[in-house]
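The values are calculated or read from the model by the stated rules, or taken from the named source; none is laboratory data. Quantities reported herein were computed from a predicted structural model and do not represent experimental measurements. No Cβ is skipped: glycine too gets one built from the backbone with ideal geometry, and neighbour counts run over all protein chains shown. The accessibility values were calculated without ligands, DNA or RNA, using every heavy atom of the protein model including side chains. Shrake-Rupley method; radii C 1.70, N 1.55, O 1.52, S 1.80 Å.
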Amino acid sequence: MSRIRGIETKIKVQKDVFQIQQGFKNGYANAIRKKSDDDSFDKDDAEKHQIDELLHKLPALDQIFEVHRKIGEGTFSSVYLGSLRRHSTLPAADRRWFAIKHLVPTAHPARIEHELRCLQDIGGKHNVIGVDLCLRHLDTIVFIMPYIPHRKFSEYVGEMDWEELRRYMRALLEALRHVHSFGIIHRDVKPSNFLYDRDNKRYLLVDFGLAQRVCVSPDEPAAPRPASDPAQDSAPTLAHSNKRTRDQLEDDSSPGAKRVALDLTVESKRVNVSTDLSKKLTGPSKVQLPKAVALKREAATCACACAGVGGVCAGGGCATRAVARAPRAGTQGFRPPEVLLKWPRQSAAVDLWAAGVVLATVLLNRYPLFRAADDVSALAEVTELLGTAAVQRAAHHLGRRVVTSVRRPGMCLRKLSAHLRGAAPPRPPSAPPRPPSAPPRPPCARCRRPAARCLCPDENVSASSFEAGKWVAGFPDSAFALAAHLLEPAPAQRPSAAAALSHAFLADPAPHTT
Ligand code: ADP
Ligand code: MG
Ligand code: ZN
């Protein structure tokens, strides 16, 4: 019944908007002059109708709250700014403000309950959003949460200096440490889910709509843990317990096509992704991304003649291979290699990778950092940054095989940051600062570019080691080391949130001087 009423209301909105547009058509000149006013008027009007509709469907909300305007919209919710009716005569500064999250009525009840439980059990401290109230009538459900003013990440990412970045990352990792201590993986860590009130230095991790409980999956044996494993306290693995519709939508492929994404090599979808990143950083001699990336199970399990070839055949081996199933909820650009490779035993390390993407985004001042539309292209982007060897090694630990037609050396985050930010290239590890009168360095033997334009990673030095007192593009060397550590392609080598918080970039009280 309520749905039918909802549809009627929507039709009415469209009709009203149509009438308004007709009105504008009558005065053409007027309409041209007021084009932008017209757009915002339509938007405001539609928004007002949405609010009216919500209040109509949920009278209890109307009784307690004034709903002012829409402040956010995700795939599966609309979020509104609200205040208590009994505060309506108070000045704005004295009122309590709330974010009212209205979940789409098609969301699965179990998923809604899970999100609410996360908010109730985990939220309210350590920079994690809590919930004050949940109201429901039939299929209309809202969560009432504390409101935090914030701006879009894209508006301040370029303004963040190292101290602000340090506070921001500390707050994010504290939130993740707290969430993970409950055996919960957030799965959708990204700037639009980590709200930042810059003026008051307040932070909130929101949106537990994709959160999953960690538990052991019997499907697949655990990956061998590399010998030097710093993540002693990393979380146990995760079973596919809470599949959200968004997962399917963001996958933009049917279950059948999903199998293509895993089992097919990219014969049919050649990866020729010219990322923004590669365009900007390489100038005239553009870096070519791998032309083909093939994701395959271990050759041992693939008896087909096409094993290791960039394509898929119609032969028995390919056709009979089992479809790999693994959680892949999350947002493209923030998914780690184990998700892209459909490894079922995912852990809290998924969130640490996303935190690494956020850190690298600020260091490189490129948002979004990764922008591929599908998993294979996303893996190609990761390979471009981290190098083919590192990604293949990680895949091997996960029982997967990545085949590329072109081997990428990877890129040095420090050099890339200096290049993108127009700063002086970093001096090689442990080399003394060069005096301005020093002769130019010889070109790089690997990429043959002049030393100042070489982006090759430093050989023999781990990207996650750092030198105290060294600065690159206005950031301490330790910030790049932490980013490299969080962006470890093998999940078992990624630090836990607790370990990351004790990293020198975040832990030292005042370790850095320029
Ligand atoms: P979805 O699950 O649809 O992505 P979110 O919970 O992420 O919903 O909320 C969508 C947007 O609404 C956020 O990106 C943010 O801009 C805004 N928002 C959510 N919660 C709050 C809050 N507590 N305070 C202020 N804005 C919020
Ligand atoms: Mg969200
Ligand atoms: Zn080079």
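Please work out whether region 48-146 counts as rounded, prolate or oblate from its C-alpha gyration tensor, where a ≥ b ≥ c are the square roots of the eigenvalues and a/c under 1.5 means rounded, while otherwise a/b larger than b/c means prolate and anything else oblate? Before the final figure, lay out the partial values.
On the way: a/c = 1.85, a/b = 1.18, b/c = 1.56.
Oblate.
Distances between placed amide hydrogens fall under 5 Å for V128 paired with L205, all partners being 5 or more residues away or on another chain. Over 18 Å between Cα atoms: which of K48/K190; K70/K125; K201/K470; K70/K190; K70/K152; K190/K470 fall into that group? From K48/K190; K70/K125; K201/K470; K70/K190; K70/K152; K190/K470, over 18 Å: K48/K190; K70/K125; K201/K470; K70/K190; K190/K470. In the context of the full set of protein chains, residues of region 101-186 present 43 Å² of accessible surface per residue (probe radius 1.4 Å, heavy atoms only).
With the cut-off at under 12 Å, measuring from each backbone N in region 60-74 to a point 7 Å along the Cα-to-Cβ line of W97 picks out 68-69, 71. Given axes a ≥ b ≥ c from the Cα gyration tensor, I'd like to know whether region 356-514 is rounded (a/c under 1.5), prolate (a/b larger than b/c) or oblate. It comes out oblate by the Cα gyration axes.
Accessible surface for region 411-514, divided over its residues, is 47 Å² per residue with a 1.4 Å probe. With all protein chains in place and a 1.4 Å probe, the accessible surface of region 318-450 carries 58 percent carbon and sulfur. Taken one residue at a time, the phi angles of region 326-334 give Karplus couplings (6.51, -1.76, 1.60, θ = phi - 60°) of 7, x, 9, 4, x, 10, 4, x, 10 Hz. Gly and Pro are set to x. Between S181 and R407, the distance separating the two model label sites (each 7 Å from Cα on the Cα→Cβ line) works out to 4.6 nm. Measure off, as a whole percent, the carbon and sulfur share of the 1.4 Å-probe accessible area of region 165-204, all protein chains present. Carbon plus sulfur share of accessible area: 39 percent.
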